[in-house]
Amino acid sequence: MWSFINPIYLWAASAALIPLMLHLMQKRRIITIPFSSIRFLQLAHKRSANRIRLENFLLWLLRTLMLLGLALGFAMPVLRISSFSQLLGGSQRDVAIVWDASYSMAYTSGNKNIWASSKETILAILEGLQAGDRVSIFLADDDVTALIEQPSTDLAAAMALVKAQEVKNTSSRLGPALQAASHA
């Protein structure tokens with residue numbers, strides 16, 4: 001589930017021990033010399049000693065977390081899940097597909113037609129969806145054509161619409177199609 005893009009930087013997390021080592025090396029041994037008129041200062045010192053200890057602990061904790069955060073930042077952790085709803089325990093996904101339907105998709109290289117290949121890819125995506133997942137499909141041609149504008153759970157109808165589509169003799173405008181898909 002968790003992985004790191006640059007795991008080699010995880011060794012730098014050991015730098016979080018530096019503030020602790022500095023703290024342990026700086027412990028001073030206090031030699032007390034009894035002096036009669038200093039008792040009022042000792043009372044004031046005892047009152048503020050707990051506050052100072054707490055401040056020092058929080059400062060040490062902040063420095064340690066800062067070094068750990070820096071090491072993890074360089075390691076670049078990523079959470080690999082198939083959808084955000086799985087992180088929250090749900091299983092429903094909303095999928096928006098933007099499909100280029102311009103004339104350039106009719107290009108054939110050898111025995112491979114780009115349009116047929118893109119159609120197969122979209123059908124494979126639709127077959128991979130689970131019950132409860134919703135899909136919306138937009139064609140990017142000279143204008144945005146919404147095959148399914150509002151997300152629908154009817155995957156069989158979506159597959160039938162995809163199979164019925166043919167390449168258009170127009171140019172494509174992907175920008176408006178992407179905007180329409182983001183609002184679906």
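What angle do you read, to the nearest 10 degrees and between 0 and 90, between the alpha-carbon axis of helix 114-128 and the longest principal axis of the chain?
The angle comes out near 60 degrees.
Note the listed values [x] 1.07; [y] 1.22; [z] 1.39, then indicate which one is Rg/Rh (Cα atoms, Kirkwood Rh) calculated from this particular structure.
Answer label, from the structure shown: [z].
In what sequence, highest mean first, do 128-134, 51-57, 144-150 appear when ranked by Cβ atoms within 10 angstrom?
Packing proxy ranking, top to bottom: 144-150, 128-134, 51-57.
Residue-wise, which Karplus ³J(HN,Hα) couplings in Hz belong to region 171-178, taking 6.51 cos²θ - 1.76 cosθ + 1.60, θ = phi - 60°, and x for glycine or proline?
With the stated coefficients, region 171-178 comes to 8, 10, 10, 6, x, x, 5, 5 Hz.
Can you give the calculated 222 nm mean residue ellipticity of the chain, where each DSSP H run of n ≥ 4 adds -39,500 (n - 2.57) and the sum is split over every residue, rounded to the nearest 500 deg cm²/dmol?
-14500 deg cm²/dmol
Given a Förster distance of 30 Å, report the FRET efficiency between His45 and Met21 from their Cβ-Cβ distance, rounded to the nearest 0.05.
0.65
R0 = 35 Å: FRET efficiency of Arg63 with Leu129, Cβ-based, nearest 0.05?
So the FRET efficiency works out to roughly 0.15.
Every number here is computed from the coordinates shown, using simple stated rules; none is lab data. All of these numbers come straight from a predicted model, not from anything done at the bench. Note that we place each Cβ from the backbone using ideal geometry, even for glycine, and neighbour counts take in every protein chain shown.
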